[in-house]
Amino acid sequence: MALSFVRAQKYKLLTGYVFDSETQVSNINVINTSRGNVEVTDINGLFEISVSIGEKLVFSSIQYEKYELIITENI
């Protein structure tokens, strides 16, 4: 007999925006590296992506340095 356990993940929709010196930045890749989800910021720098505590987001584009963010309860 084999046993398997399924742990329910509580995913939430994270809404945010990317900006540089108070100016919104468009076309930034927002990647949830834990699950492979990818979103791109809109013309106003806004994005929405599904996340869970402990997952890592990477913000990436050609014109800016890569930024990594670990999702915590406060975020």
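The values are calculated or read from the model by the stated rules, or taken from the named source; none is laboratory data. Note that the coordinates shown come from a computational prediction; the quantities given were computed from them, not determined experimentally. Cβ sites come from the backbone with ideal geometry, for glycine too, and all protein chains shown count toward neighbours. Just the protein is used for accessible areas: all its heavy atoms, side chains included, with ligands, DNA and RNA removed. Shrake-Rupley method; radii C 1.70, N 1.55, O 1.52, S 1.80 Å.
Restricting attention to the range 30-49, the residues that are open to solvent by 40 Å² or more (accessible area, probe 1.4 Å) and more than 9 Å from the chain's Cα centre (by Cα) total 8. Selection over the range 54-75 of residues that are within 14 Å of TYR11 (Cβ to Cβ) and either surrounded by 14 or more Cβ atoms within 10 Å (Cβ to Cβ) or among the aromatic types (Phe, Trp, Tyr) (or both) gives a count of 3. I'm trying to understand the selection: among the residues of the range 37-54, which are hydrophobic (A, V, I, L, M, F, W, C) and within 14 Å of ILE75 (Cβ to Cβ)? If the condition is that a residue be hydrophobic (A, V, I, L, M, F, W, C) and within 14 Å of ILE75 (Cβ to Cβ), then PHE47, ILE49, VAL51, ILE53 are the ones that fit.
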